[in-house]
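Report on one structure; see the data block that follows.
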Amino acid sequence: MSANLKINKKDHIKGNENASVEILEYADYQCPYCRDAYFILKKLQNEFGQDIKFVFRNFPLTELHQYALHAALAAESAALQGKFWEMHDILLEQQENLQDEDILKYAQEIGLDITKFKHDFESDEVFNKVEADFESAEEYGVNATPTIYINGEKYKGDWMNAGFFRYIKSLI
């Protein structure tokens, strides 16, 4: 089914919309492997620039990570103020500090309207976006984080070594 994975208008997209390589990641902000993947994917985006379109979807594993859902809600709340990627980055970079007071501090640091952020954080709209991402992951058989799709196909190789970079380069 992964061959039919499609990007939708509610997805968070970074990079060239018409890039030859589309990387979609399902991730959990509290997952240590997702933090590792964050740095690798960031390096990949820096190296290949306009040839990469990066798409992020939430897959908070709440049974394993007590702060994962609130971190996802924070990122989606920031998105409503046009600052998804800023919050996404800080949450992964500060993964060991994801309690609500930390998240509020990050919202202030990236210049969000705190009243709106707090309202959105509690809203059905934001929760439903996280839930829709989670449900799409389940629909495609995602059961771990990070799970990476490249050009609609689930990537089954090791993304933590140089072979991943070579593979991406071969697609460009």
Worksheet item: Does TRP159 qualify as being in a helix (DSSP H, G or I) and either among the aliphatic types (A, V, I, L, M) or closer than 22 Å to LEU44 by Cα (or both)?
Response: no
Worksheet, complete the sentence: Restricting segment 57-69 to residues that are surrounded by fewer than 23 Cβ atoms within 10 Å (Cβ to Cβ) and of a type outside the set (Asp, Glu), the one farthest from LYS169 (Cα to Cα) turns out to be GLN66
Worksheet item: When you look at TYR167, is it part of a helix (DSSP H, G or I), of a type outside the set (D, E, K, R) and either in contact (Cβ under 8 Å) with a residue 12 or more places away in the chain or more than 16 Å from ALA71 (Cβ to Cβ) (or both), yes or no?
Response: yes
Discussion item. Every residue in segment 129-146 that is closer than 25 Å to LEU80 by Cα and surrounded by 13 or more Cβ atoms within 10 Å (Cβ to Cβ), please.
Written reply: LYS129, VAL130, GLU131, ALA132, ASP133, PHE134, SER136, ALA137, THR145, PRO146
Fill in: Residue among LEU91, LEU61, LEU69 that is part of a loop (DSSP other than H, G, I, E, B) and under 21 Å from GLN30 (Cβ atoms)
LEU61
Practice prompt. Working carefully through the options GLU47, GLU96, find the one that is acidic (Asp, Glu) and part of a helix (DSSP H, G or I).
Written response: GLU47
Fill in: Residue list for segment 52-63, restricted to those being modelled with pLDDT under 95 and farther than 15 Å from VAL130 by Cα
GLU63
Item to complete: Report the residue count in segment 60-85 for those that are closer than 17 Å to LYS10 by Cα and in contact (Cβ under 8 Å) with a residue 24 or more places away in the chain.
Response: 13
Worksheet item: In the list ILE40, ILE52, which residue meets the criterion of being touching a Leu at 6+ places or on another chain (Cβ under 7 Å), of a type in the set (Val, Ile, Thr) and under 23 Å from GLY157 (Cα atoms)?
Response: ILE52
Worksheet entry | segment 110-148, subset in a loop (DSSP other than H, G, I, E, B) and among the β-branched types (Val, Ile, Thr), residue nearest to the chain's Cα centre (by Cα) | THR145
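The values are calculated or read from the model by the stated rules, or taken from the named source; none is laboratory data. If you're wondering where the values come from, they're calculated on a predicted model, not measured in any experiment. Positions of Cβ are backbone-derived with ideal geometry, glycine not excepted, and every protein chain shown enters the neighbour counts.
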